[in-house]
1. Counting each pair of different Cα atoms once, what's the Kirkwood radius of segment 74-183 in Å, rounded to one decimal?
2. Less than 12 Å Cβ to Cβ from residue 200, Lys/Arg counted +1 and Asp/Glu -1: what total charge do the surrounding residues give?
3. Jot down the radius of gyration and Dmax of segment 66-139, Cα atoms only, both in angstrom.
4. If you look at just the Cα atoms of segment 122-210, how large are its Rg and its Dmax in Å?
5. Relative contact order, percent, of segment 103-192 when contacts are C-alpha pairs under 8 Å separated by at least 6 residues?
6. Among residues other than residue 170 whose Cβ falls under 10 Å from its Cβ, what is the net charge (Lys/Arg +1, Asp/Glu -1)?
7. For the chain, what relative contact order do you get, as a whole percent, if you take Cα pairs closer than 8 Å and at least 6 residues apart?
8. Which listed residue (103, 5, 200) has the Cα farthest towards the positive end of the charge dipole for the chain, taking +1 on Lys and Arg C-beta and -1 on Asp and Glu C-beta about the Cα centre?
Amino acid sequence: MKALSIRGLKKTYKGGHEALKGIDLDVEEGDFFALLGPNGAGKSTTIGIISSLVNKSSGTVNVFGYDLDTQLVDLKRQIGLVPQEFNFNQFETVQQIVVNQAGYYGVPRELAKQRAEKYLKQLSLWDKRDSPARMLSGGMKRRLMIARALLHEPKLLILDEPTAGVDIELRRSMWDYLETINKQGITIILTTHYLEEAETLCRNIAIIDQGTIIENTSIKRLLATL
Ligand code: ADP
Ligand code: ADP
């Protein structure tokens, strides 16, 4: 089964900037996939479209067989998104932020509380559950967004530059965590501009530059050509 299938995806922003020039992309279920490219290449635009935060100009997007145009509600249930910017309410507590996510996905309140405890423990945030999010360090906020994204137990986790601004020690523990949940069956797509991050974690990779996919291969094959 394909976790993601994109065909001919184009995006022109208001003002005329062509951010995506017709990209094709396939990610298999269970994969750990990197979308690698320099700043401005179109990575955030791509994942913004997949998670329906950005409107596409043309092309098709399928997630686990659900079409973005005609099956949006089902498609959204498949996806957990960890955006680049901290987009939670800084005055809510850690636990509130995670549990409140249940409302978007129809997860019953009691189940949401159980899952919040499970994921906050896994991400070493349980001790901070009653702290307002604004009191957390940057790395903790990043992990909070991962816990929030997992609450409805999506099949596909998408992370936009998950370790940007995260120090090396914490980066390694985040990598370990992502590897663990990938082994448990969650398909992961991350964007990065570090080849090292893609190399360490991912099996397959697409390289995007100026709105075009210039390479789409396995990490092994890519490294063999360098
Ligand atoms: P990346 O995530 O690879 O850094 P983005 O997808 O954020 O790239 O951006 C791709 C291009 O689209 C960039 O040139 C960027 O300036 C432009 N862009 C992104 N968002 C907008 C927007 N809301 N309006 C206009 N242009 C945008
Ligand atoms: P506020 O305006 O109250 O500070 P936001 O409007 O940014 O907060 O977000 C309110 C809640 O909506 C967040 O706590 C979060 O749970 C949810 N939310 C915001 N953006 C997203 C997103 N991209 N994906 C899923 N949930 C989101």
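None of the figures in this text is laboratory data; all of them are computed from the coordinates on show. Values in this document were obtained by computation on a predicted structure and should not be read as measured data. Note that each Cβ is placed from the backbone with ideal geometry, even for glycine, and that neighbours are counted across all protein chains shown.
1. 13.9
2. -2
3. 13.9, 42
4. Cα radius of gyration and Dmax of segment 122-210 are 13.5, 43 Å respectively.
5. With pairs under 8 Å counted, the relative contact order is 30 percent.
6. +2
7. Details: 420 pairs, mean separation 65.8, N = 226.
Relative CO of the chain lands at 29 percent.
8. 103
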